[in-house]
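Here's the structure we're looking at; comments come further down.
The values are calculated or read from the model by the stated rules, or taken from the named source; none is laboratory data. What you see is a predicted model; the values in this text were computed from it and never measured. Glycine also receives a Cβ, built like all others from the backbone with ideal geometry; neighbour counts cover every protein chain displayed.
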Amino acid sequence: MDPGNWATDIAGGSLFGYTLLSVILLSNLMAVLLQGLSSKLGIVTGRDLAQACRDHYSRPVSIALWFLCEIAIAACDLAEVIGSAIALNLLFGIPLT
């Protein structure tokens, strides 16, 4: 897991305490599972997950999956920006606003 997501998790944990601990644990376990399955798919078939979905699902389902993946990518990028801002604040005292 990348530092931006960890920074977001830590910031959320400091705000909500142990309430988010189970969510963080489950999300990390799911990320490990999905990354492992995706790497096995790539090693065995030589194709990535997007290519496999396009081959096995209908066009409307593939477009819906593509749209959902774009939303997930944007959410991950947002976590990276927030994590970078927190890191710059901690390292150099640059304000977050």
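List of remarks:
- Qualifying residue in the stretch 50-63 (condition: part of a helix (DSSP H, G or I) and modelled with pLDDT under 90): yes
- Members of the stretch 20-49 found to be over 20 Å from the mean Cα position of the chain (by Cα) and assigned to a helix (DSSP H, G or I), listed by number: 43, 44, 45
- Among the residues making up the stretch 82-97, those that are surrounded by 12 or more Cβ atoms within 10 Å (Cβ to Cβ) and among the small types (Gly, Ala, Ser) are 83, 84, 85, 87.
- Screening the candidates 52, 79 for the property of being surrounded by 10 or more Cβ atoms within 10 Å (Cβ to Cβ) and over 15 Å from residue 10 (Cα atoms) yields one hit, 52.
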